[in-house]
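Down below is the structure, laid out as structure tokens.
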Amino acid sequence: MDPLRHQFSQALTNIEVNGIKRQKAINAHTEIQELLAQDMLLRSWGINTRLIGSYGRQTAIYPGKDVDVFARLENLTTSANPEEIYAGVWAVLVAQYGHVEQGGRATPQARSIKIDFSEPGKANDNFAVDVVPAVIYGIRWAIPAKDRALWASDHARWIATDPERFGQLSTDLNTATWSPAVGDQNAYKPVVKLMRQAREVHLGDRKPGGLYVEFATYDTWSRGLVSGDEWGDLLTSTLRQVADRLGQAPYQPLVDPGLGTSVDPPLDPSQWQYASETFKRLADLGEEALNSTRCSAALKWRKILGKNDRGQVFPLPPGCGSAGVAGAGLAGVAASTPKEAEGFG
């Protein structure tokens, strides 16, 4: 059957953080980086920021509401007091942006600082930068414990992390010669975006969040469990394998690939089970799509990938109407095709 490669490519464009939103993320990260680098105290601590999170791994999906900035303090170790370190970073940011309680843009969080970059009056333009300080911890990094009551103790006041390693592992998997591709395009990161979109549509505010789903996707791809050479095959295979992996999580913990340790915080068995069943249903729908006519298949992919504020993510092929039958006329196609997203330059 028709693999609908063009429609999947358009769907990937429709969930891409691109155009104005991408430039805003670049500008915001650059602004924060330059501000922190100018402070003499932070310079003495060895400030060297990095873009991390889904933006850093190139797996973010539209609308991409926040950027994570890793404020690495390369001259400090876990012998430093997290309260003092947090206060040093906070002082620079609040001086520039003002405290949210006084009408400013800086919000103190458990172990990070959020800077609001939203445009007033634009409901769909919520955007922020989360800055988290980090110190050296052996060959890894450490960030302050989420529970501030631990900051005064000698133990557990710093939490090991290594988001940059996960970013490198993701790139390595995406470009590995053995890793599935579609035509001449590396497929791992695009499929991660499709999985994140499916999670957003069908799980919403429920856990696991996008990061844990990305961990599960990495787990299944890195073990060679996903196969195919078209987007539909790869997405369906990934949905099935991730569903199985999430179902195993209560007794075989999901691992943070950057650290090689169980995800923290863990989820309740009921949360893992609900997500597993959700992805199983989507995998079933994907398998139906693979065995359907092109118009019927497109509607099933559309159901899996849902909408964002650009419209329906998955476009219908020419000649397919909203009822999933051919020959419905151009008017029906135009009415059900999403607004085309601006691509990268």
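Is it true that some residue in segment 126-140 is among the small types (Gly, Ala, Ser) and open to solvent by 20 Å² or more (accessible area, probe 1.4 Å)? Don't jump to the end; show me each part of the working.
Going through segment 126-140, the residues among the small types (Gly, Ala, Ser) turn out to be 128, 134, 138.
In the following step, the residues that additionally are open to solvent by 20 Å² or more (accessible area, probe 1.4 Å) were identified as 138.
Yes.
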Given the conditions (1) at pLDDT 90 or above; (2) open to solvent by less than 50 Å² (accessible area, probe 1.4 Å); (3) outside any loop (DSSP other than H, G, I, E, B); (4) under 25 Å from Tyr62 (Cβ atoms), report the number of the one that Val333 does not fulfil. (1)
Assuming Phe215 fulfils every condition listed in (1) touching a Pro at 6+ places or on another chain (Cβ under 7 Å); (2) within 21 Å of Val17 (Cβ to Cβ); (3) open to solvent by 60 Å² or more (accessible area, probe 1.4 Å) apart from one, which condition is it? (3)
Could you grab me the full set of residues in segment 26-44 that are surrounded by fewer than 21 Cβ atoms within 10 Å (Cβ to Cβ) and hydrophobic (A, V, I, L, M, F, W, C)? Ile26, Ala28, Leu35, Ala37, Met40, Leu41
Looking at Arg5 and the list (1) within 14 Å of Pro190 (Cβ to Cβ); (2) surrounded by fewer than 17 Cβ atoms within 10 Å (Cβ to Cβ); (3) at pLDDT below 95, which single condition is not satisfied? (3)
Quick check: anything in segment 64-77 in contact (Cβ under 8 Å) with a residue 60 or more places away in the chain, out of contact with any strand residue (DSSP E or B) (no Cβ under 7 Å at 6 or more places or on another chain), open to solvent by less than 50 Å² (accessible area, probe 1.4 Å) and not hydroxyl-bearing (Ser, Thr, Tyr)? yes
Of the criteria (1) buried (at least 16 other Cβ atoms within 10 Å of the Cβ); (2) out of contact with any Asp or Glu (no Cβ under 6 Å at 6 or more places or on another chain), which one Leu259 fails: (2)
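Would you confirm whether or not segment 300-308 contains a residue that is in a loop (DSSP other than H, G, I, E, B), open to solvent by less than 20 Å² (accessible area, probe 1.4 Å) and not aliphatic (A, V, I, L, M)? Quick ask: steps written out before the conclusion?
In the first step, residues of segment 300-308 are kept if they are in a loop (DSSP other than H, G, I, E, B); the result is 306.
Now restrict to residues that are open to solvent by less than 20 Å² (accessible area, probe 1.4 Å): 306.
Remaining after also requiring not aliphatic (A, V, I, L, M): 306.
Yes: segment 300-308 contains one or more residues that are in a loop (DSSP other than H, G, I, E, B), open to solvent by less than 20 Å² (accessible area, probe 1.4 Å) and not aliphatic (A, V, I, L, M).
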Test Gly224 against the stated conditions and say whether it is surrounded by fewer than 15 Cβ atoms within 10 Å (Cβ to Cβ) and either among the basic types (Lys, Arg) or on the phi > 0 side of the Ramachandran plot (or both). yes
Could you list all residues from segment 78-115 that are over 30 Å from Val201 (Cβ atoms), surrounded by 15 or more Cβ atoms within 10 Å (Cβ to Cβ) and aliphatic (A, V, I, L, M)? Ala80, Ile85, Val89, Val92, Leu93, Val94, Val100, Ala106, Ile113
Would a scan of segment 276-298 turn up a residue that is open to solvent by 30 Å² or more (accessible area, probe 1.4 Å), modelled with pLDDT of 65 or more and touching a strand residue (DSSP E or B) at 6+ places or on another chain (Cβ under 8 Å)? yes
Select, from Pro265, Pro250, the only residue that is surrounded by fewer than 18 Cβ atoms within 10 Å (Cβ to Cβ), more than 19 Å from Lys189 (Cα to Cα) and modelled with pLDDT of 95 or more. Pro250
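Could you pull out every one of the helices (runs of 4 or more DSSP H) wholly within segment 1-103 that has 2 or more residues that are of a type in the set (S, T, N, Q) and under 24 Å from Trp231 (Cα atoms)? Outline the logic, then answer.
Details: elements: 5-14, 19-38, 40-44, 53-57, 82-97.
Here the list reads 5-14.
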First in segment 172-185 and of a type in the set (Phe, Trp, Tyr), second anywhere and at pLDDT 95 or above, Cβ under 8 Å, 6 or more apart: Trp178/Gly224
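The values are calculated or read from the model by the stated rules, or taken from the named source; none is laboratory data. Here the structure is a predicted model, which means the values were calculated and not measured. Counting neighbours? That spans all protein chains shown, and the Cβs are built from the backbone with ideal geometry, glycine included. These accessible areas exclude ligands, DNA and RNA; they are computed on the full protein's heavy atoms, side chains included. Shrake-Rupley method; radii C 1.70, N 1.55, O 1.52, S 1.80 Å.
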